[in-house]
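A.B. asks: Provided herewith is a single structure, encoded as structure tokens, for subsequent inquiry.
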Amino acid sequence: MPRRVCPTQPYIPVQRGFVYLFAVIDWASRRVLSWRLSNTLTTDFCMDAVQEALTRYGTPAIFNTDPGCQFTSLDFTGLLKDHGTQVSMDGQGCWRDNVFVERLWRSVKYEEVYLHAYDSVNEATRGLERYCTLDNQHRPHSSLDDQTPEEFYFKNLPALPQTA
């Protein structure tokens with residue numbers, strides 16, 4: 001099965017407004033590969049997170065996203081196409097197309113964001129970092145045979161060719 005990743009982008013409240021969270025997750029393991037916060041809904045911080053995921057974890061076969069303006073921009077789709085990644089767009093209002101991301105967002109909201117009143121972007125960053133570490137490395141998921149997303153991700157990576 002080809003590797004497939006998808007992003008999420010919810011609003012995170014802070015004392016004087018809100019910030020956007022962009023996260024890239026591996027479809028099969030539900031592992032958060034990279035993420036960024038921004039106080040503006042632009043393409044650049046999304047592309048930074050995608051570039052980090054590509055650099056650290058390699059190129060996925062498919063990148064699934066919703067039809068948001070930052071994801072349909074030529075810069076964003078061009079970055080993926082330049083890496084040979086197929087871009088897959090969900091239909092408008094089709095939450096089931098991106099159910100793993102929606103599930104992550106629900107968990108982040110109820111287990112981290114709604115329990116803390118962030119005073120600043122830095123505080124939100126620290127809280128989300130703590131949550132991603134907990135979810136990726138320490139929390140077993142029943143859908144992954146009680147493995148953590150990180151365990152499942154690394155156990156199921158395709159074998160790299162050996163050099164002589």
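A.B. asks: Do we find a residue being among the β-branched types (Val, Ile, Thr), modelled with pLDDT under 90 and in a strand (DSSP E or B) anywhere in the stretch 82-94?
C.D. replies: Within the stretch 82-94, the first condition is being among the β-branched types (Val, Ile, Thr), and the residues that meet it are 85, 87.
Filter once more, so that each one left must be modelled with pLDDT under 90: 87.
Those still in the list that are in a strand (DSSP E or B) too: 87.
Yes, the stretch 82-94 has at least one match.
A.B. asks: Taking only the stretch 50-76 into account, find how many residues are within 27 Å of SER142 (Cα to Cα), hydroxyl-bearing (Ser, Thr, Tyr) and part of a helix (DSSP H, G or I).
C.D. replies: Qualifying residue count for the region: 1.
A.B. asks: Here is a further query. What are the pairs, 6+ residues apart or on separate chains, where a residue within the stretch 28-49 that is assigned to a strand (DSSP E or B) has its Cβ under 7 Å from a residue that is among the aromatic types (Phe, Trp, Tyr)?
C.D. replies: Taking only residues 6 or more apart or on different chains, the pairs are LEU33/TYR57; TRP35/PHE22; ARG36/PHE22; ARG36/PHE45; LEU37/TYR20; SER38/TYR20; SER38/PHE45.
A.B. asks: Would you mention how many residues in the stretch 104-123 are among the basic types (Lys, Arg) and surrounded by 14 or more Cβ atoms within 10 Å (Cβ to Cβ)?
C.D. replies: Within the stretch 104-123, the first condition is being among the basic types (Lys, Arg), and the residues that meet it are 106, 109.
Next cut, surrounded by 14 or more Cβ atoms within 10 Å (Cβ to Cβ) only: 109.
Result for the stretch 104-123: 1.
The values are calculated or read from the model by the stated rules, or taken from the named source; none is laboratory data. Since we're looking at a predicted model, the values are computed, not measured. Neighbour counts are summed over all protein chains in view; Cβ atoms, including those assigned to glycine, are modelled from backbone coordinates with ideal geometry.
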